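I have placed the structure first, in the form of structure tokens, so that the comments after it can refer back to it.
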Amino acid sequence: MPGSLVPSEARLCEEYGVARGTARAALALLVDDGLVEVVPGVGRRVAGGTGADRTTAYGRIAEDLAEQIRAGTLAPDAPLPSEAVVMEQYDVSRNTARRAFKVLADSGVVVVRHGVGAFVRPVEP
């Protein structure tokens, strides 16, 4: 339920029989996806309740980049910002940046060239 506290890492380790690093990594993914938020001095809690609050971090990044493409800020064949730039600009993990690029690639907006980067899909003649 939105606003309720998420069990501690120690509790998750005990309940699911996993290492603390595994529990921490799982919680980090939930935070990156915008499903859980960290409250300093309190712990982690289930995020928001409105549709906007449930939007994932990678979804917000993909939408922002798609808007830049629609606006012409990023032209056909232009490279998208690197994973490192996206990580810094949006304060997200590498996996979240990669998921944003995957969303754009799956929707046909960009082309990802392994080892090179992501590029705005060229206009077909």
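Every number here is computed from the coordinates shown, using simple stated rules; none is lab data. What you see is a predicted model, and the numbers here were worked out from it, not measured in a lab. FYI the Cβ positions are ideal-geometry reconstructions off the backbone, even for glycines, and counts take in every protein chain you see.
Miscellaneous remarks
- Values of log10 I(q)/I(0), in the order q = 0.11 Å⁻¹, for the chain under a Debye, Cα-only, solvent-free model: -0.48
- Label-point separation, Val38 to Leu5 (7 Å along Cα→Cβ), nm: 1.8
- Residues Thr56, Thr96 in ascending order of nearby Cβ atoms (within 10 Å, fewest first): Thr56, Thr96.
- Based on every Cα atom in the range 9-53, Rg and the maximum pairwise Cα distance Dmax equal 11.6, 34 Å.
- Bins of 5 Å from zero: percent of alpha-carbon pairs in the range 56-120: 4, 21, 33, 28, 13, 1
- In this label model, Val123 and Asp77 are separated by 1.2 nm, measuring between points 7 Å along each Cα→Cβ vector.
- Kyte-Doolittle mean at least -0.5, axial Cα span of 30 Å or more - DSSP H helices of the chain: none
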